[in-house]
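The values are calculated or read from the model by the stated rules, or taken from the named source; none is laboratory data. Bear in mind the structure is a predicted one, so any value in this text is a computation, not a measurement. Cβ sites come from the backbone with ideal geometry, for glycine too, and all protein chains shown count toward neighbours.
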């Protein structure tokens, strides 16, 4: 069996588990780890990147201490998800996807957090905050900044 055939069979069975393990340990999946996984599982690194970029839960870059996801699913979009994203970016002084200079915050858009009845919704390190408004964004950021100083 050649490497291509093997990479579509045996190695792929463990790929997602291995990506989850690396991300849990390091917070993201570095290029170095992609190469190490490719070698260990005998798969192509391009296949690993394909899987890691397909699933939104995998990160290929580091994130801040507080990873903030702003829902843009239908309910959240209709109820102002874009305004919440803009308010968070403004409050933190970053653009979507950037890390604040202190390394504490990253703001990203996601397409469903599964809490439509609470729209618009954000999550911080997977904790859900519903019915968000500009005022709630300011309070949340203030609380998180205080927590980040601990």
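Remarks
- Top-ranked residue in region 131-146 [being in a helix (DSSP H, G or I) and touching a residue at least 12 places away in the same chain (Cβ under 8 Å); ranked as farthest from residue 78 (Cα to Cα)]: 145
- Close pairs from region 37-51: first touching a residue at least 40 places away in the same chain (Cβ under 8 Å), partner surrounded by fewer than 18 Cβ atoms within 10 Å (Cβ to Cβ) and not in a helix (DSSP H, G or I), Cβ under 9 Å, at least 6 apart: 47/8
- Test result for residue 103, in a loop (DSSP other than H, G, I, E, B), without any contact (Cβ under 8 Å) to a residue 60 or more places away in the chain and touching a strand residue (DSSP E or B) at 6+ places or on another chain (Cβ under 6 Å): no
- Of all the residues in region 110-150, those that are within 18 Å of residue 63 (Cα to Cα) and at pLDDT below 95 number 6.
- Residue-level check: of (1) closer than 28 Å to residue 25 by Cα; (2) part of a helix (DSSP H, G or I), residue 90 misses just (1).
- Taking the criterion of being touching a residue at least 60 places away in the same chain (Cβ under 8 Å) and in contact with a strand residue (DSSP E or B) (Cβ under 6 Å, 6 or more places away or on another chain), the only residue of region 52-80 that qualifies is 66.
- Residues of region 14-36 that are closer than 21 Å to residue 125 by Cβ, touching a helix residue (DSSP H, G or I) at 6+ places or on another chain (Cβ under 7 Å) and touching a residue at least 24 places away in the same chain (Cβ under 8 Å): 19, 29.
- Residues in region 81-100 that are touching a strand residue (DSSP E or B) at 6+ places or on another chain (Cβ under 7 Å) and buried (at least 17 other Cβ atoms within 10 Å of the Cβ) were compared, and the one that is nearest to residue 37 (Cα to Cα) is 99.
- Here residue 53 meets each of (1) assigned to a helix (DSSP H, G or I); (2) under 15 Å from the mean Cα position of the chain (by Cα); (3) buried (at least 18 other Cβ atoms within 10 Å of the Cβ) with one exception, condition (3).
- Subset tally (residues that are touching a helix residue (DSSP H, G or I) at 6+ places or on another chain (Cβ under 9 Å) and either surrounded by fewer than 14 Cβ atoms within 10 Å (Cβ to Cβ) or touching a residue at least 24 places away in the same chain (Cβ under 8 Å) (or both)) for region 121-130: 3
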